[in-house]
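In what follows, a structure is listed as structure tokens, so that the remarks can point back to it.
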Amino acid sequence: MARVKRGVAAHKRHKRLLKAAEGRRGTKSKLYRPAHEAQLHAMAYAYRGRKERKRQLRALWIVRLNAAARLNGLSYSRFITGLKAAGVTLDRKVMADIAVRDAATFARIAEVAKAR
């Protein structure tokens, strides 16, 4: 059986990683081992960041809803409780968008929550 020399495959793999590491400072963009380590950390941070972004956006929607609800004489918790009691199934993302773009429609939604 013929011997397999692995230089070409390793070289290709190293080149691909160093191409992905462009833009980093110092040896993290020049040498394989530090670049590989930096890439592993970057991928871990990116994975975690995708989860954190969802939390941050929900928090932003809640802040916007609270501000808009208070303009209509309700607290955020009373607003959400009233909507649940009224059977309104709009999610926070949609309601925050309505609050920012169309205050009159949001005022009508707040009146529904106030009635409950």
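Readers should treat all values here as calculations from the given coordinates under stated rules, not as data from a laboratory. As the structure is a prediction and not an experimental result, all values here were calculated from the model. Note that we place each Cβ from the backbone using ideal geometry, even for glycine, and neighbour counts take in every protein chain shown.
What FRET efficiency comes out for the pair TYR45/ASP97, r = Cβ-Cβ distance, R0 = 35 Å, nearest 0.05? Result of the calculation: an efficiency of 0.75.
Remark: relative contact order (the chain) = 19 percent; criterion is Cα-Cα distance under 8 angstrom and separation of 6 or more residues.
Tell me the volume per residue, in Å³, of the convex hull enclosing the alpha carbons of region 38-97.
Numbers: hull volume 5.4 nm³, N = 60.
Hull volume over Cα atoms, normalised by residue count, gives 91 Å³.
Remark: region 1-102 carries a charge dipole of roughly 940 debye about the Cα centre, counting +1 on each Lys and Arg Cβ and -1 on each Asp and Glu Cβ. Cross-link pairs exceeding 29 Å between alpha carbons, from the set LYS28/LYS93; LYS51/LYS114; LYS5/LYS30; LYS30/LYS51; LYS51/LYS84; LYS12/LYS54: LYS28/LYS93; LYS51/LYS114; LYS30/LYS51; LYS12/LYS54.
May I ask you to compute the full-extension gain from ALA67 to LYS5, defined as 0.36 nm times their residue separation minus their alpha-carbon distance, rounded to one decimal in nm?
Values: separation 62, 0.36 × 62 = 22.32 nm, distance 6.59 nm.
Additional length available on full extension: 15.7 nm.
For region 13-88, state which GluC sites (Glu not before Pro) are in a DSSP loop and have at most 16 other beta carbons lying within 10 Å of their beta carbon. Please report the intermediate quantities before stating the final value.
Details: sites: GLU22, GLU37, GLU52; in loops: GLU22.
Here the sparse-neighbourhood loop sites are GLU22.
Considering region 7-115 at the alpha-carbon level, its Rg and Dmax are found to be 24.0, 74 Å.
In the chain, the longest principal axis of the Cα atoms and the axis of helix 32-71 are about 10 degrees apart. Think of region 7-115 as having a plus end and a minus end, set by charges on the Cβ of Lys, Arg, Asp and Glu; of SER75, GLY23, THR89, GLY23 sits farthest toward the positive end of this dipole.
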